[in-house]
1. Evaluate the following for A:Met46: is it within 14 Å of chain B (Cβ to nearest Cβ) and either buried (at least 23 other Cβ atoms within 10 Å of the Cβ) or not hydroxyl-bearing (Ser, Thr, Tyr) (or both)?
2. Among B:Glu7, B:Glu24, B:Glu11, B:Glu17, which is of a type in the set (Asp, Glu) and free of Cβ contacts under 8 Å to residues at least 12 places away in the same chain?
3. Hey, can you tell me all the residues within the range A:79-116 that are within 11 Å of the chain's Cα centre (by Cα) and of a type in the set (S, T, N, Q)?
4. Among the residues of the range B:87-109, is there at least one that is touching a residue at least 24 places away in the same chain (Cβ under 8 Å), closer than 20 Å to B:Ser34 by Cβ and either more than 9 Å from chain A (Cβ to nearest Cβ) or out of contact with any Lys or Arg (no Cβ under 8 Å at 6 or more places or on another chain) (or both)?
5. For A:Arg124, indicate whether it is at pLDDT 95 or above and more than 10 Å from every other protein chain (Cβ to nearest Cβ).
6. Scanning for something within 14 Å of chain A (Cβ to nearest Cβ), out of contact with any strand residue (DSSP E or B) (no Cβ under 7 Å at 6 or more places or on another chain) and closer than 19 Å to A:Phe84 by Cβ, does the range B:112-123 turn up at least one residue?
7. Just wondering, is there one or more residues in the range A:127-138 that are without any contact (Cβ under 8 Å) to a residue 60 or more places away in the chain, out of contact with any strand residue (DSSP E or B) (no Cβ under 6 Å at 6 or more places or on another chain), more than 10 Å from chain B (Cβ to nearest Cβ) and outside any strand (DSSP E or B)?
8. Taking B:Asp80, is it modelled with pLDDT under 95 and either under 16 Å from A:Ser86 (Cα atoms) or away from chain A (no Cβ under 14 Å) (or both)?
Amino acid sequence: MARNVATPEPVQRDQDSPSTRGGKRMSTDLQIDVSTEQGTVPVTVMHLIGHIGGHNYQQIQARAEKAYEDGARDLILDLTQVTFMSSAGVRAMHAIYTMLEGSTPAQPKSNHLKLLNPPDDIRRLIKTIGFSDLFDIYTDLEEAVASF
Amino acid sequence: VNPGSLEVAAELGNLAEIHRFVRESIAGWDLAPSVVYDLQLAVEEATANIILHGYRGRPGTIEIDLSRQGDELVVRLRDDAPPFDPTGLPPPDLALPVEQRPVGGIGVYLMCQAMDEVTHRLTPRGGNELTLIKKIIPEPS
């Protein structure tokens with residue numbers, strides 16, 4: 001599987017000093033790295049690293065919109081390294097879903113946006129709001145790419 | 001345990017500072033990770049709701065007290081926005097197709113789901129006080 005790692009977006013930092021506890025990031029920063037995987041179709045993977053909250057979720061939407069303008073039509077949100085996500089992250093997912101599927105999709109299940117490896121608490125949040133019926137969730141990147 | 005307190009301007013940019021305040025206040029309390037996540041989630045949803053739907057862009061402040069009382073975590077949030085009781089909102093209809101779901105109403109629902117008890121009262125000065133209570137599950141040793 002070919003993989004091209006794009007130049008990372010500049011990371012917007014807040015005033016939190018980077019720190020770790022138990023090997024996990026403890027800051028409220030969000031870093032977004034983007035790569036392209038070649039499956040049956042090219043798949044854009046947004047690797048979200050850190051904290052997703054009301055102060056920074058729009059970075060995700062903006063980066064997805066840029067990818068869309070650059071031709072991306074199938075997208076995976078890699079949540080493996082997300083340390084916290086509130087409903088702001090849900091709002092970002094919803095906006096990306098609408099961008100990729102259109103405002104009146106033929107079927108609710110997303111064909112063009114899939115999730116990779118949400119940590120347990122975030123998986124619980126996604127289930128609580130009913131989004132687990134909307135997005136396929138994978139634990140293996142290669143399998144996720146092959147699903148498009 | 002005496003409460004930690006924070007007063008911040010009601011701006012989305014301060015949600016990160018509020019998150020850090022909660023994290024530092026509970027450091028050393030040996031809470032299960034799921035309890036920490038639920039507490040952080042509820043505080044963020046509550047404060048974002050005050051900023052977006054209470055003050056609606058007008059300047060104001062949010063006061064936060066966080067304490068441990070027996071086997072409960074207690075958070076009190078006070079603001080001077082127009083009186084509004086979020087606990088009276090109906091839960092979102094999760095059966096609706098996603099394009100018809102009011103995503104903005106999800107935050108209050110998540111806040112209530114994450115906490116064991118959420119109550120609202122008017123303050124003597126005419127603002128709002130929201131109390132969030134979470135039962136403590138000790139971290140397995």
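1. Values: within 14 Å of chain B (Cβ to nearest Cβ): no; either buried (at least 23 other Cβ atoms within 10 Å of the Cβ) or not hydroxyl-bearing (Ser, Thr, Tyr) (or both): yes.
The answer is no for A:Met46.
2. On the way: B:Glu7 fails: free of Cβ contacts under 8 Å to residues at least 12 places away in the same chain; B:Glu24 fails: free of Cβ contacts under 8 Å to residues at least 12 places away in the same chain; B:Glu11 fails: free of Cβ contacts under 8 Å to residues at least 12 places away in the same chain.
The match here is B:Glu17.
3. A:Thr80, A:Gln81 - these are the residues of the range A:79-116 that are within 11 Å of the chain's Cα centre (by Cα) and of a type in the set (S, T, N, Q).
4. Yes, because at least one residue in the range B:87-109 is touching a residue at least 24 places away in the same chain (Cβ under 8 Å), closer than 20 Å to B:Ser34 by Cβ and either more than 9 Å from chain A (Cβ to nearest Cβ) or out of contact with any Lys or Arg (no Cβ under 8 Å at 6 or more places or on another chain) (or both).
5. Values: at pLDDT 95 or above: yes; more than 10 Å from every other protein chain (Cβ to nearest Cβ): no.
Here the answer is no, as A:Arg124 does not meet what is asked.
6. So the first thing to find is which residues in the range B:112-123 are within 14 Å of chain A (Cβ to nearest Cβ), and the list is B:112-115.
Cutting the leftovers down to out of contact with any strand residue (DSSP E or B) (no Cβ under 7 Å at 6 or more places or on another chain) gives us B:113-114.
After this cut, where a residue has to be closer than 19 Å to A:Phe84 by Cβ as well, the list is B:113-114.
The answer is yes; a qualifying residue exists.
7. Yes: the range A:127-138 contains one or more residues that are without any contact (Cβ under 8 Å) to a residue 60 or more places away in the chain, out of contact with any strand residue (DSSP E or B) (no Cβ under 6 Å at 6 or more places or on another chain), more than 10 Å from chain B (Cβ to nearest Cβ) and outside any strand (DSSP E or B).
8. Working: modelled with pLDDT under 95: no; either under 16 Å from A:Ser86 (Cα atoms) or away from chain A (no Cβ under 14 Å) (or both): yes.
It is false that B:Asp80 is modelled with pLDDT under 95 and either under 16 Å from A:Ser86 (Cα atoms) or away from chain A (no Cβ under 14 Å) (or both).
The values are calculated or read from the model by the stated rules, or taken from the named source; none is laboratory data. Owing to the predicted nature of the structure, the values given are computational and were not obtained by experimental measurement. Ideal geometry is used to build each Cβ from the backbone, glycine not excepted, and the neighbour counts take in all protein chains shown.
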